[in-house]
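Student: My structure is below; once you've seen it, I'll send some questions.
The values are calculated or read from the model by the stated rules, or taken from the named source; none is laboratory data. In this text the structure is predicted, and so the values were computed from the model without any measurement. In this analysis, Cβ positions are derived from the backbone assuming ideal geometry, glycine residues included, and neighbour counts consider all displayed protein chains. Heads up: the accessible areas ignore ligands, DNA and RNA and are worked out on the full protein's heavy atoms, side chains in. Shrake-Rupley method; radii C 1.70, N 1.55, O 1.52, S 1.80 Å.
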Amino acid sequence: MRLGSPAHRELFCRSLLESHQTYDPATFVWPELDGETLTFLRSIPFWQEALAMEKRAGVMAQAFAAEISDPLVREAVGLQAQEEMRHYHLLAGLVQKYDIPVNLDPEFTIPSNLHQAFVDFGFSECLDSFFAFGFFRIAQRSGFFPEALFTLFDPIIHEEARHIVFFVNWLAYQQVQKGWGFSPYRAVNTLWNYGKALSHLVGSFQGADTAGSGFTAAGALVFAPDLTLRSFLSTCLAENTHRMQFFNPELLQPRLLPQISQTLLRMLQWFPPKPAQVSPA
């Protein structure tokens, strides 16, 4: 299938539209948590940023959809906007249920350049989702929370995978339509945009205010204090492979972080793991 063709447009739009799941966060039955689990849940640092990011994404994507002339693409972006707002309502339900202190109505000014805002958000989401896939599995294995909580949040993780696959295909389609189909040019443009998203991600590790990606990365040690880089990257890669297997193989998929992670894992093979420290008796 040729990138930028009507068949490509039909495939990536229909893939998003036809895989939409119907559910209402207002009907969720949240599990009861004991005092220790509640304390841990409230200590996780990224609830405010996660809530704000989902609301910003929903409002921005809905405004951007209204500007799109192509009816099929407009419908797909509008659906993503609805799903982002549904994520916001799900998170709002969680923080209200468990009395997590956050601002439920964060301020947000709609950007003047909605196309660029959607592009910036898409690249950030590609980075954040890669880490979110891994952290979701790490947190699930840790046993800190009841399985019912992960069952409620699994649709969000699946929808994030759908969103980033839609985004990278939409972006490639847009670039070809503008005459930017020359692969080296598209590669340079992609790397430049990923560079901007990575700067936000690095800022999150340095304690900077994140306006997009990075909130899952910032909470890594909260979920698994003894997590090593090797096990972290391996889990993210395995979960990314798991999430991506459900998409049509003719669709593009985000590749940068998986490729970087594979390279780092090969490099880490040359460095033996540190021996565990034994406490004195």
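Student: Across the range 1-40, which residue is farthest from residue 68 (Cα to Cα) among those that are hydroxyl-bearing (Ser, Thr, Tyr), out of contact with any helix residue (DSSP H, G or I) (no Cβ under 9 Å at 6 or more places or on another chain) and open to solvent by 30 Å² or more (accessible area, probe 1.4 Å)?
Tutor: So the first thing to find is which residues in the range 1-40 are hydroxyl-bearing (Ser, Thr, Tyr), and the list is 5, 15, 19, 22-23, 27, 37, 39.
Narrowing the set further to residues that are out of contact with any helix residue (DSSP H, G or I) (no Cβ under 9 Å at 6 or more places or on another chain) leaves 22, 27, 37, 39.
Among the residues that remain, those that are also open to solvent by 30 Å² or more (accessible area, probe 1.4 Å) are: 22, 27, 39.
Details: 22: 25, 27: 33, 39: 45 Å.
By that ranking, first place goes to 39.
Student: Pairs under 7 Å by beta carbon, first residue under 16 Å from residue 238 (Cβ atoms) and open to solvent by less than 70 Å² (accessible area, probe 1.4 Å) in the range 260-272, partner at pLDDT 85 or above and of a type in the set (Gly, Ala, Ser), six or more apart or different chains?
Tutor: Correct list of pairs: 265/234.
Student: Of all residues in the range 149-180 being farther than 23 Å from residue 71 by Cβ and among the acidic types (Asp, Glu), which is modelled with the highest pLDDT?
Tutor: Only one residue tops the list, namely 160.
Quick grid of which residues meet (1) out of contact with any strand residue (DSSP E or B) (no Cβ under 9 Å at 6 or more places or on another chain); (2) touching a residue at least 24 places away in the same chain (Cβ under 8 Å); (3) within 21 Å of residue 167 (Cβ to Cβ):
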| position | (1), (2), (3) |
| --- | --- |
| 31 | yes, yes, no |
| 41 | yes, yes, no |
| 49 | no, yes, yes |
| 59 | yes, yes, yes |
| 69 | yes, no, yes |
| 73 | yes, yes, yes |
| 80 | yes, yes, yes |
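Student: What number of residues in the range 140-158 are closer than 18 Å to residue 237 by Cα and either of a type outside the set (S, T, N, Q) or outside any helix (DSSP H, G or I) (or both)?
Tutor: Qualifying residue count, the range 140-158: 4.
Student: Just checking, which of 119, 73, 102, 77 is more than 30 Å from residue 228 (Cα to Cα) and open to solvent by 20 Å² or more (accessible area, probe 1.4 Å)? Give the steps one after another, and end with the answer.
Tutor: Details: 119 fails: open to solvent by 20 Å² or more (accessible area, probe 1.4 Å); 73 fails: open to solvent by 20 Å² or more (accessible area, probe 1.4 Å); 77 fails: open to solvent by 20 Å² or more (accessible area, probe 1.4 Å).
Going through 119, 73, 102, 77 in turn, the sole match is 102.
Student: Can I ask one more? Condition first: assigned to a helix (DSSP H, G or I) and charged (D, E, K, R). Can you find one or more residues in the range 98-118 that meet it? Step through it out loud before you land on a result.
Tutor: We begin by selecting, within the range 98-118, every residue assigned to a helix (DSSP H, G or I); these are 114-118.
From what is left, the residues that are charged (D, E, K, R) are none.
No, that holds for no residue.
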